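Colleague: Dumping the structure here so I can ask a few things about it.
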Amino acid sequence: MFRIEAGIDRRRRDLLRSRLRESNTAASPVLAALRTSPAGREDPLHVWALDEDSALAGGLVGHTWASWLHVACLWVDARHRGAGLGSRLLARAERTARDKRDCVAARLETWDFQAPDFYRRHGYEVLCALPDYPPGVTEYTLVKRLR
């Protein structure tokens, strides 16, 4: 007999993640090899653009893992858009991932009203389009080879 509960429980969440990671590692030779390799570490990668007053003008937040860069967020303040700042932030993250962390590829998600064309111009290819996520919007997953 089981009791099913719903509710936020960070301790159980962490335990579940740990057990899933153990199960995945046991089932996959690739994940098992990554566990003992420097590439298997998930390392944050943040790039910031500050204006002349040291205020945040833009930034990129992501991480590297398994020889991949995952860009989670890229934002440029409206006052600084159109000046190439987003391109510079993305290029710096890709260069760091490739040259200092031996990444071979990058991935990211964006919505149709955000920046899919921006990423395409920077060499990213659409791998997946998920329509109506959320309703009326398409989410894209894009990838780019760094080597």
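Taken together, the values in this text are just the output of simple stated rules run on the coordinates, not laboratory data. This is a predicted model, so every value here is computed, not measured. All Cβ positions, even for glycine, are placed from backbone atoms using ideal geometry, and neighbour counts span all protein chains on display.
Colleague: For segment 113-130, list residues with backbone N below 20 Å from a point placed 7 Å from the Cα of R95 toward its Cβ?
Modeller: Counting only backbone N, you get 119-124.
Colleague: How tilted is helix 10-27 with respect to the longest principal axis of the chain? Cα atoms for both, answer in degrees (0 to 90, nearest 10).
Modeller: That helix lies at roughly 80 degrees to the long axis.
Colleague: On to the next question. Please state the charge dipole magnitude for the chain, taken about the Cα centre, from unit charges on C-beta atoms (+1 on K and R, -1 on D and E), reported in debye and rounded to the nearest 20.
Modeller: Approximately 600 debye in magnitude.
Colleague: Starting from 0.36 nm per residue, how many nanometres of slack lie between A66 and D132 once their C-alpha separation is accounted for?
Modeller: Full-extension gain reported as 20.7 nm.
Colleague: Still on this structure, please answer the following. Return one number: the angle in degrees, 0 to 90 and rounded to the nearest 10, between the long axis of the Cα atoms of helix 85-101 and the longest principal axis of the Cα atoms of the chain.
Modeller: Result, in degrees: 50.
Colleague: Sticking with this structure for a sec: What does the extension gain come out to for E125 and R147, with contour length at 0.36 nm per residue minus their alpha carbon separation?
Modeller: 6.4 nm
Colleague: Using only helices, what value at 222 nm comes out for the chain when you add -39,500 (n - 2.57) per DSSP H run of length 4 or more and divide by the total residues, to the nearest 500 deg cm²/dmol?
Modeller: Theoretical 222 nm ellipticity from helices: -10000 deg cm²/dmol.
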